[in-house]
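> Dumping the structure here so I can ask a few things about it.
The values are calculated or read from the model by the stated rules, or taken from the named source; none is laboratory data. Remember, predicted model here, so these are calculated numbers, not experimental data. We place every Cβ from the backbone using ideal geometry, glycine too, and count neighbours over all the protein chains shown.
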């Protein structure tokens, strides 16, 4: 017989039925997805996060448990919010705007503030030109 959920503070307690969500599996999958979106190799992301590439490979393949400190380092290296690495639902729909945003982020990765500002100004000018051309 299935037990009914019982409220316990802000949590729901399922007696006799354990939720089998392994947070480390989720984090590993998200790290791999975000690394690939960013166009980074395991070696490069590991270098940016200041961890060994073998440890990162284990995290991605669910062989090792990452500490919160390591997860934070990975999020910072990927330039994403830490929370994204804990998302269980699929990420945003990959439409053209999303893909373009990801490509632009990759373009400005590791650029100086001045270079980033210059690239942004060029992009703004190009967008303005395209709007005029479409009218």
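> In a loop (DSSP other than H, G, I, E, B) and either in contact with a helix residue (DSSP H, G or I) (Cβ under 9 Å, 6 or more places away or on another chain) or under 27 Å from residue 104 (Cβ atoms) (or both): is that true of residue 64 in this structure? Break it down stepwise before answering.
On the way: in a loop (DSSP other than H, G, I, E, B): yes; either in contact with a helix residue (DSSP H, G or I) (Cβ under 9 Å, 6 or more places away or on another chain) or under 27 Å from residue 104 (Cβ atoms) (or both): yes.
Judged against the criteria, residue 64 is a match.
> Still on this structure: Quick check on region 96-116. Is at least one of its residues touching a helix residue (DSSP H, G or I) at 6+ places or on another chain (Cβ under 9 Å), surrounded by fewer than 12 Cβ atoms within 10 Å (Cβ to Cβ), modelled with pLDDT of 90 or more and more than 20 Å from residue 59 (Cβ to Cβ)?
Scanning region 96-116, I find at least one residue that is touching a helix residue (DSSP H, G or I) at 6+ places or on another chain (Cβ under 9 Å), surrounded by fewer than 12 Cβ atoms within 10 Å (Cβ to Cβ), modelled with pLDDT of 90 or more and more than 20 Å from residue 59 (Cβ to Cβ), so the answer is yes.
> Which of (1) in a helix (DSSP H, G or I); (2) within 30 Å of residue 65 (Cβ to Cβ); (3) modelled with pLDDT of 90 or more is the odd one out, the single condition residue 80 does not satisfy?
Tallying (1) in a helix (DSSP H, G or I); (2) within 30 Å of residue 65 (Cβ to Cβ); (3) modelled with pLDDT of 90 or more, residue 80 fails exactly one: (1).
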